[in-house]
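Participant: Sharing a structure here in structure tokens format.
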């Protein structure tokens with residue numbers, strides 16, 4: 001039985017602060033329709049796909065922050081998206097800011113959900129690696145307050161059975177950490193969906209700004225190769241509220257090769273046939289985990305105590 | 001105080017089965033002299049630098065295998081190399097097959113040593129990730145019997161204080177595993193020395209043969225970037241006993257950029273000024289381990305039980 005998932009990475013251009021969720025969702029429906037015309041079974045949207053990337057603003061009033069969060073999903077703004085995908089029988093994933101209750105507490109997560117072709121939410125991933133800083137740093141041209149506005153996920157990485165295979169999710173900064181891909185692969189993932197919002201300018205080390213695209217692809221490709229899995233990287237791109245976000249959305253094969261890549265910094269669909277059986281080319285050979293991993297040599301990685309600073 | 005290590009990667013061309021250790025060491029002395037003329041403080045030679053890559057042959061008689069191993073270091077064949085380096089005040093590293101006793105048993109390791117400018121062996125690393133297979137597989141055009149001829153190291157990864165910084169070592173297949181670089185970085189390494197012998201032809205998945213150079217650089221570059229450290233990759237290259245070994249020796253900056261790369265498949269020196277202070281550009285920012293790592297989400301990685309097969 002074929003395990004080819006015809007996958008669309010649905011890159012999105014900028015979303016301004018005053019664009020409504022309904023408007024963003026309408027753009028997503030248009031991209032979904034384009035992908036459907038190309039025969040896609042799965043459409044992957046970026047991180048925080050419904051709003052502007054709000055951690056760039058310091059907002060002293062928590063109510064202003066909370067206005068960017070969703071308390072239920074689907075909700076009024078995304079109903080049409082869910083309905084259209086279900087009608088087309090297409091699975092999709094997207095990121096949003098999620099406010100929810102558990103363990104008797106209110107939590108705010110940077111979340112991505114995966115919805116199957118029947119319209120069921122089959123996976124909900126909360127971002128593990130929150131980059132940036134917790135306090136207002138006025139010297140920066142823009143903030144990166146993910147550590148202030150979101151809780152880090154206590155749920156770790158996981159993969160779910162859907163689309164004839166095992167699919168995992170990660171979000172933005174997660175993709176730079178090799179542990180992300182390895183944890184997902186050890187959970188069985190054959191494909192990982194990763195949305196991102198990545199400013200070209202990195203205020204603490206601006207001399208690396210010209211390397212942002214290189215580092216993006218290097219991370220996606222290395223993660224795919226070292227784990228023999230498909231990696232779908234999807235940007236929110238372009239000039240968003242004066243902040244220059246990289247594009248470079250890419251579908252990466254288990255060999256680490258980019259098989260298709262976005263050509264614009266706007267709303268754009270790229271599509272590839274992702275054969276999940278190709279994972280075995282790598283994972284039954286050079287990265288046969290059962291034969292070749294040496295977990296007894298990896299003890300520092302999972303040790304809880306703060307590591308010595310390099 | 002400057003912490004620039006002027007580093008030479010000393011790529012070596014093929015070593016035939018009947019070439020003596022003394023001859024190989026003579027070639028290494030010639031490369032050392034070339035590096036000295038370019039002002040190098042450190043010269044990095046490949047894995048198994050003294051002999052042909054013998055795991056390509058199935059040898060039923062253990063005495064034939066043992067003939068490739070060294071029982072002491074330095075020894076008669078390498079005395080001149082040690083003496084010349086000491087006279088020049090140059091540190092160097094190289095790999096060899098090591099037979100030694102510990103815990104009341106005889107062990108055979110795929111080993112690399114690091115010798116400081118005063119001629120002292122300051123680090124001895126034994127390969128953790130042994131690729132290949134333990135039994136003779138006659139269907140292969142050549143064998144890869146590292147799992148038969150070597151013990152996997154029980155000593156893990158480590159970094160030593162020398163050359164004004166912290167230096168670590170890894171060997172060949174180790175470089176494909178992100179855990180290698182992370183363990184070394186968590187041990188404090190600012191530079192990692194990695195020799196390799198990599199056949200272009202991979203018998204279990206020949207359709208990836210054309211990707212060998214890509215996978216080599218992808219692994220070295222991703223390891224450097226995700227840990228903010230210098231990576232020195234050094235090949236034994238060229239057609240060795242009918243086996244086509246890739247070259248591509250490279251010095252990779254903590255940004256993941258290749259700053260210099262070999263142009264031949266033979267004995268060749270490439271040199272770069274490696275400023276260990278540049279590690280902080282990455283490791284004090286995007287990969288600030290103390291701020292951003294999430295070890296509680298990395299538990300599968302170090303778990304001892306065999307992982308589920310992907």
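Participant: Considering only the range A:22-130, give the strands (runs of 3 or more DSSP E) lying wholly within it that have at least 1 residues that are in contact (Cβ under 8 Å) with a residue 40 or more places away in the chain and in contact with a helix residue (DSSP H, G or I) (Cβ under 8 Å, 6 or more places away or on another chain).
Facilitator: The strands (runs of 3 or more DSSP E) meeting that bar are A:42-44, A:91-102, A:105-115.
Participant: Something else now. Please state which one of B:193, B:220 is more than 9 Å from every other protein chain (Cβ to nearest Cβ), in contact with a strand residue (DSSP E or B) (Cβ under 7 Å, 6 or more places away or on another chain), crowded, with 24+ Cβ neighbours inside 10 Å and not in a strand (DSSP E or B).
Facilitator: B:220
Participant: Select, from B:155, B:142, the only residue that is at pLDDT 95 or above, assigned to a loop (DSSP other than H, G, I, E, B) and touching a helix residue (DSSP H, G or I) at 6+ places or on another chain (Cβ under 6 Å).
Facilitator: Result of the check over B:155, B:142: B:142.
Participant: Does residue A:225 count as surrounded by 17 or more Cβ atoms within 10 Å (Cβ to Cβ), in contact (Cβ under 8 Å) with a residue 12 or more places away in the chain, out of contact with any strand residue (DSSP E or B) (no Cβ under 6 Å at 6 or more places or on another chain) and over 30 Å from residue A:203 (Cβ atoms)?
Facilitator: yes
Results for (1) within 13 Å of chain B (Cβ to nearest Cβ); (2) surrounded by fewer than 16 Cβ atoms within 10 Å (Cβ to Cβ); (3) more than 22 Å from residue A:194 (Cα to Cα), shown as yes or no for each residue.
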site	(1), (2), (3)
A:62	no, yes, yes
A:67	no, yes, yes
A:96	no, no, no
A:114	no, no, no
A:127	yes, no, no
A:153	yes, no, no
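Participant: Confirm whether residue A:122 is in contact with a strand residue (DSSP E or B) (Cβ under 7 Å, 6 or more places away or on another chain), surrounded by 19 or more Cβ atoms within 10 Å (Cβ to Cβ) and away from chain B (no Cβ under 13 Å).
Facilitator: Criteria not met by residue A:122.
Participant: Need a quick list: strands (runs of 3 or more DSSP E) entirely within the range B:239-283 having at least 1 residues that are more than 19 Å from residue B:216 (Cα to Cα).
Facilitator: The strands (runs of 3 or more DSSP E) meeting that bar are B:268-275.
Participant: Then there's this: Would you mind finding the one in B:262, B:280, B:290, B:306 that is closer than 30 Å to residue B:14 by Cα and either modelled with pLDDT of 95 or more or surrounded by fewer than 18 Cβ atoms within 10 Å (Cβ to Cβ) (or both)?
Facilitator: Answer to the check: B:262.
Participant: Does at least one position in the range A:255-274 carry a residue that is within 14 Å of chain B (Cβ to nearest Cβ) and touching a residue at least 60 places away in the same chain (Cβ under 8 Å)?
Facilitator: No.
Participant: Identify all residues within the range B:159-188 that are surrounded by 24 or more Cβ atoms within 10 Å (Cβ to Cβ), away from chain A (no Cβ under 11 Å) and not in a strand (DSSP E or B); write none if there are none.
Facilitator: Once the filter is applied, which keeps residues that are surrounded by 24 or more Cβ atoms within 10 Å (Cβ to Cβ), away from chain A (no Cβ under 11 Å) and not in a strand (DSSP E or B), the range B:159-188 yields only B:172.
Participant: Do you know which of the residues in the range A:28-49 that are over 20 Å from residue A:116 (Cβ atoms) and surrounded by 21 or more Cβ atoms within 10 Å (Cβ to Cβ) is farthest from the chain's Cα centre (by Cα)?
Facilitator: Ranking the qualifying residues of the range A:28-49, first place goes to A:48.
Participant: Please find, within the range B:1-21, the residue that is surrounded by the most Cβ atoms within 10 Å (Cβ to Cβ) out of those that are touching a helix residue (DSSP H, G or I) at 6+ places or on another chain (Cβ under 7 Å) and part of a loop (DSSP other than H, G, I, E, B).
Facilitator: Restricting to residues being touching a helix residue (DSSP H, G or I) at 6+ places or on another chain (Cβ under 7 Å) and part of a loop (DSSP other than H, G, I, E, B), the top hit is B:15.
The values are calculated or read from the model by the stated rules, or taken from the named source; none is laboratory data. Everything quoted here is computed from the prediction, not taken from an experiment. Please note: Cβ atoms are built from the backbone with ideal geometry, for glycine as well, and neighbour counts cover all protein chains shown.
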